[in-house]
Amino acid sequence: MSTSLQQLVIETFQQRFGSAPSAVVRAPGRVNLIGEHTDYNDGFVLPMAIDRASWIALRPRKDGRVTIFSQSHNESAEFDLAKMTKNPHHWSEYVKGTAWALQEAGLKLNGWDGVTGCDVPLGAGLSSSASFEMAVARAFEVTSGFTWDPAKMALLGQKAENKWVGVNCGIMDQMISAAGKKGHALLIDCRSLAHQLVPLPPKTVVVILDTATRRGLVGSAYNERRAQCEAAAKFFGVKALRDVSVAQFNAKASQLDETTSKRARHVVTEDERTAQAAVAMRAGDAKTLGKLMDASHESLKNDFEVTNDALNVIVECARHGKGCIGARMTGAGFGGCAVALVEENVAENFTKTVAADYEKATKLKPSLYVCHPSNGAEIVR
Ligand code: GLA
C-alpha cells in the first residue's frame, strides 16, 4: 500500500509542478503495545511505528514560501514562512505549526513545493497528525539542511501540536514516529527520552483493530485525566507519577479521594507493566506480554476509565479469537483502535473471525489489519 502511495505523491507532484520532485520523505503512524497515559506522567511507553505513513514528495523553493497539495483532502495550501497566521482546524496547520516550532528553535528554514498523501487512518488513534508533523520536519531538513535529532524533532512536533494546533498531547506519538526502527518496538523513557529497541516475540504479529468509533482528543476528558494525574503527583510530593512506585502508592492510596486514587493506580501499575513487558519481549516470552496487555486494558477500563463500549467489545472478541495472546485498547481511548498480539500462523483467519464477531455484536464494521514495525521518519530518496 505504502509503495503505491509513494508513487502516487511522486506522480501527482509531476503533474502539478511539471517535473519530478527532488526528494521524498515519509513518517509513520504508530500503535502503542503498552504504556498508556503514562507519557505525560514522565513514565514509560512501548509503541512501534507501523507500516502506514504520511508521505511528502517535494522540491525546494527560493522565496521562503511553502505550497503543499494534500491527496487526502484534495486541496492545496500555501503560506509564507516569515508571516504565518493560524487558520483553526485546517489540515495545513500541522505544516505551519511544525515550521513555527522549528523556527522558534532557531532553525533557518527554506520553503518548498510539496504533495502529501497519508494512509494512516485519520482520527483513528494511530497518530496520523504526529506522522504528518514528522514528515514535514523531514521535508524542512531536506530543504534547510539541519541535522536530524529524533528527540529534538519529536519535542518540536509536540510543541507544534500543543501550542499551534492546540492539542495537549504527550511526547509518545512524535517520538516513535521520529525514532522507530524496522522490526522493533521502542521502550521510551518519556522523561529523558532515552529509548531502546525491543523485538517482537518470535512467531507473533501485531493486529490493529479499528472499532469504527471516533474520539475527540482535544476533548475535555484527556485534559481532565492529565489534571487528575498532576493532582495525584502533588499529593505524593513528586514531580510526576513516574516517581511513585506501586508500593509507595499502596501505602498512601487510602488518603486520596476515590477517583484520583484510581487514576494514579492506573499510571503507577502501567509503568510497572511496561517495564515488565520489555523484559518479556527481550526474553521472547509472548505469553507474559499478552497477560500484561490484558491487564493494561482492565486498568484503562476500570481505573483510568478511558474505554468505550466498542473498545471493550472488540477486546473481548479479540480475546476469544483463535491465536490471540493478549489484547487491549491503544492510544488515548474513548474510541479508535485496540491492539492484539496474535500467533503469526493464524493471524489472517483471526482478523476475519474477530471482525465478523464484532460486527455481529455491535452492527459496526471494523477494520482489522496485521501490521509490521517500520522505520521512523526518513528521507526515502
Ligand atoms: C494520545 C496522546 C499521547 C498519549 C496517548 C495515551 O495518543 O497523543 O501523547 O498520551 O494518547 O497514552
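No value in this document is a laboratory result; all are computed from the given coordinates. Source: prediction; values computed, not measured. FYI the Cβ positions are ideal-geometry reconstructions off the backbone, even for glycines, and counts take in every protein chain you see.
Once you've got the Cα coordinates, tell me which of K182/K365; K182/K252; K152/K322; K86/K352; K301/K360 are over 32 Å apart.
K182/K252; K152/K322; K86/K352
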Which of R263, R273, R215 moves the most in a Gaussian network model of the chain with Cα springs under 10 Å? R215
Over the alpha-carbon set of the stretch 231-381, work out the extent along each principal axis and list the three values in angstrom, largest first. 49, 41, 34
Can you tell me, using C-alpha contacts under 8 Å and at least 6 residues apart, the relative contact order of the stretch 94-240 as a whole percent? 21
Please work out the ratio of the alpha-carbon Rg of the stretch 295-381 to 2.2 N^0.38 Å and round it to two decimals. 1.18
Could you pull out every residue, at least 5 positions away or on a different chain, whose amide H is within less than 5 Å of the one on G326? Hs are placed 1.01 Å off N in the peptide plane, and Pro or chain starts have none. L341
Treating the beta-carbon of each Lys and Arg as +1 and of each Asp and Glu as -1, no other charges, what is the dipole magnitude of the stretch 157-277 about its Cα centre, to the nearest 20 debye? 160
Compute the separation of the alpha-carbon centres of the stretch 157-191 and the stretch 74-153 and state it in Å as a whole number. 14
So what's the back-of-envelope 222 nm ellipticity for the chain, counting only DSSP H runs of four-plus at -39500 (n - 2.57) apiece and dividing by all residues, rounded to 500? -13500 deg cm²/dmol
With θ taken as phi - 60° and the coefficients 6.51, -1.76 and 1.60, list the Karplus ³J(HN,Hα) couplings across the stretch 6-13 in order, rounded to whole Hz; mark glycine and proline as x. 4, 4, 4, 5, 5, 5, 5, 4
Point-to-point label distance, S76-A283, nm (Cα→Cβ direction, 7 Å offset): 5.9
What are the equivalent ellipsoid semi-axes of the stretch 1-158, built from the alpha-carbon gyration tensor (square roots of five times its eigenvalues), in whole angstrom, biggest first? 25, 19, 14
Anisotropy class of the stretch 234-301 from Cα gyration tensor, a/c 1.5 cut: prolate
Under a 5 Å amide H to amide H cut-off, with H placed in plane at 1.01 Å, what residues pair with A185 once short-range neighbours are removed? V198, L200
Most fluctuating of H184, H90, H266 in the GNM of the chain (C-alpha, under 10 Å) is H90
Pairs of Cα atoms under 8 Å, at least six residues apart: use those to get the relative contact order of the stretch 153-298, whole percent. 19
Determine ³J(HN,Hα), in whole Hz, for all residues of the stretch 67-78 in sequence, where each value follows from phi through the Karplus function 6.51 cos²θ - 1.76 cosθ + 1.60 and θ = phi - 60°; x replaces Gly and Pro. 10, 9, 9, 9, 4, 5, 9, 6, 7, 9, 9, 8
Over the alpha carbons of the chain, what is the largest minus smallest coordinate on each principal axis, giving the biggest first in Å? 62, 49, 38
Relative to the compact-globule scaling 2.2 N^0.38 Å, provide the ratio for the alpha-carbon radius of gyration of the stretch 112-226. 1.15
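Relative contact order of the stretch 74-165: what whole-number percent is it, with Cα pairs under 8 angstrom and at least 6 residues apart?
Working: 75 pairs, mean separation 35.7, N = 92.
Over the stretch 74-165, the number comes to 39 percent.
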Hey, what do the phi angles of the stretch 336-344 turn into as Karplus ³J(HN,Hα) couplings, whole Hz, using 6.51/-1.76/1.60 and θ = phi - 60°, x for Gly and Pro? x, 10, 10, 9, 10, 9, 9, 5, 4
